[in-house]
1. With the contact rule set at Cα under 8 Å and sequence spacing of 6 or more, what percent relative contact order holds for the chain?
2. Extending each Cα 7 Å along its Cβ direction at Glu61 and Arg228, get the distance between those two points in nm, one decimal.
3. Looking at Met14, Phe211, His120, which one has the Cα that reaches farthest to the positive end of the dipole of segment 11-251 (charges on Cβ: Lys, Arg +1; Asp, Glu -1)?
4. Which of the residue pairs Lys146/Lys187; Lys158/Lys187; Lys184/Lys244 have a Cα-Cα distance greater than 31 Å in the structure shown?
5. Using a Förster distance of 35 angstrom, determine the FRET efficiency expected from the C-beta separation of Ser97 and Tyr196, and round it to 0.05.
6. Using the Kyte-Doolittle scale, find the helices of the chain whose mean hydropathy is at least 0.5 and whose Cα atoms extend 15 Å or more along the helix's long axis, counting only whole DSSP H runs.
7. Sequence-distant or interchain residues sharing an amide H contact under 5 Å with Glu192, placed H: which?
8. Percent antiparallel among DSSP beta bridges with both residues in segment 11-251, to the nearest 5?
Amino acid sequence: MSNISEQSYLMEEMSWPEVETALEEVEAAIIPVGSHEQHGPHLAESCDSDRAEKFARLLAERLYPRVLVTPTVNFGVSYHHMKFPGTITLSPDTFISLLFDIARSLHQHGLERIIIFNAHGGNDAPIDVAIEKIRQAFPVRLTAFKHSDFIEDFIDSKVESETYGHACEYEVSEMLYLAPEKVKKDKLTPGEVLDYAGEYLKSPASIGADFAELTANGALGDATRASRELGEEIITAALTEVVKFIEQFIAD
């Protein structure tokens with residue numbers, strides 16, 4: 001008996017005959033992409049990959065049977081976190097090559113639309129390069145985004161911390177909803193943002209700094225303000241917008 005949900009297509013849980021059958025109705029593949037990097041003293045280093053995987057699974061349920069989700073890419077480009085123990089980073093070239101090879105495999109199986117769902121900001125630039133390389137090599141349509149891209153104003157209206165974006169009340173809230181077992185609830189603490197770093201963090205300019213130069217404990221914002229309820233609000237709002245976007249992407 002198949003161990004996959006009857007209401008989602010998750011490749012990591014499927015046999016090849018199940019994938020073969022699914023491909024008769026699937027219209028797009030989703031590649032969840034995260035990272036393995038420090039997330040302060042209160043989140044597991046798998047945070048971004050966990051959020052990518054869990055959100056992609058929710059998309060698979062909402063969009064069944066139109067999308068198929070690949071296994072999560074659990075490593076990303078995280079040089080800026082390497083001064084904190086445990087972080088594992090790929091080089092941009094390795095990361096781009098990895099996405100290229102995944103896309104080539106999906107194309108070989110007949111998939112013509114590929115969605116890269118990203119949960120780590122450090123992956124943004126190499127994903128843009130990967131998309132161009134893939135587009136030039138195969139006749140596929142691609143898109144890439146973070147779920148927060150669709151609801152930035154909503155998040156701003158809900159988050160109380162002056163700065164946020166990493167191991168903050170926003171990310172901790174999402175994790176309390178999506179993967180609570182990865183939150184170290186007894187160690188929740190505000191980010192120890194260094195005095196001179198505040199203006200850099202608010203600037204729209206690219207800083208080019210190690211995270212250890214910005215925060216002493218690897219966190220931003222105030223994780224003690226996080227809640228499961230806030231996480232559910234953010235994820236639910238994002239799901240609604242992302243589903244609409246993907247439906248349009250498939251229809252175009």
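Quick note: the coordinates plus some simple rules give every number you see, no bench work behind them. Fair warning: this is a prediction, and the values are worked out from it, not measured in the lab. Here Cβ is always computed from backbone atoms with ideal geometry, including for glycine, and neighbour counts include all displayed protein chains.
1. On the way: 476 pairs, mean separation 56.1, N = 252.
Relative CO of the chain lands at 22 percent.
2. Spacing of the two 7 Å Cα→Cβ label points: 1.5 nm.
3. After comparing all options, I get Met14.
4. Working: Lys146/Lys187 27 Å; Lys158/Lys187 23 Å; Lys184/Lys244 34 Å.
Long pairs (Cα-Cα over 31 Å): Lys184/Lys244.
5. Details: r = 37 Å, r/R0 = 1.06.
According to the calculation, E is roughly 0.40.
6. Values: long enough: 47-62 (23 Å, -0.87); 92-108 (24 Å, 0.34); 124-137 (20 Å, -0.06); 228-251 (34 Å, 0.57).
Helices passing the filter in the chain: 228-251.
7. Hits under the 5 Å cutoff: Ala216, Asn217, Gly218, Ala219.
8. Values: 5 of 21 bridges.
The answer is about 25 percent antiparallel.
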